[in-house]
Amino acid sequence: MANNRILIVEDEESLLKLESILLTSRGYHVRGVTDGATALREIVANPPDLVLLDIMMPGIDGFEVCRRIKEDPQTRNIPVVMLTAKKSSMDQARGMQVGADAYITKPFKSVKIIEVIEGLLKHR
């Protein structure tokens, strides 16, 4: 699992830092960006092995970022984990509809995120 590249897309600096520490402590190479447009550019320029994606962000939201990742033949096989405060079943259904591979709600348990990420990367 170590050496896998994960792109974290999170507009809240403290959460971005927390998620980065969690994943780097597990041996992942982490890059963080704070908005959807930057995330899309980064994914094309430097394709990660997995994207950890917030939904509520300025500009392009996480649903649209995920939809674009999954529509592009170059990036569609990159697993996307939505990590969000949006808990409704409608939001979760929309996440799956746009192609998310997993949907985790905040506040999150670190163990859950690691399990989901490891499971998705194992099947790549």
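The values are calculated or read from the model by the stated rules, or taken from the named source; none is laboratory data. Being a predicted model, the structure only gives us computed values, none of them experimental. Every residue, glycine as well, gets a Cβ built from its backbone with ideal geometry; the counts of neighbours run over all protein chains shown.
Being in contact (Cβ under 8 Å) with a residue 12 or more places away in the chain and among the small types (Gly, Ala, Ser), is that true of even one residue in the range 40-58?
Within the range 40-58 (the criterion being in contact (Cβ under 8 Å) with a residue 12 or more places away in the chain and among the small types (Gly, Ala, Ser)), the answer is no, since none of the residues qualifies.
Looking only at the range 3-17, which residues are loosely packed, with under 15 Cβ neighbours inside 10 Å and closer than 17 Å to residue 110 by Cα?
14, 17 - these are the residues of the range 3-17 that are loosely packed, with under 15 Cβ neighbours inside 10 Å and closer than 17 Å to residue 110 by Cα.
If you take the residues in the range 82-94 that are touching a Phe, Trp or Tyr at 6+ places or on another chain (Cβ under 8 Å) and not in a helix (DSSP H, G or I), which one is modelled with the lowest pLDDT?
84
Residues are listed down the side, and each one gets a yes or a no for (1) more than 11 Å from the chain's Cα centre (by Cα); (2) under 23 Å from residue 13 (Cα atoms); (3) of a type in the set (D, E, K, R); (4) in a loop (DSSP other than H, G, I, E, B):
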residue: 42; (1), (2), (3), (4): yes, yes, yes, no
residue: 58; (1), (2), (3), (4): yes, yes, no, yes
residue: 70; (1), (2), (3), (4): yes, no, yes, no
residue: 77; (1), (2), (3), (4): yes, no, no, yes
residue: 96; (1), (2), (3), (4): yes, no, no, no
residue: 104; (1), (2), (3), (4): no, yes, no, no
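Is it the case that residue 11 is at pLDDT 95 or above and of a type in the set (D, E, K, R)?
So residue 11 fails the test.
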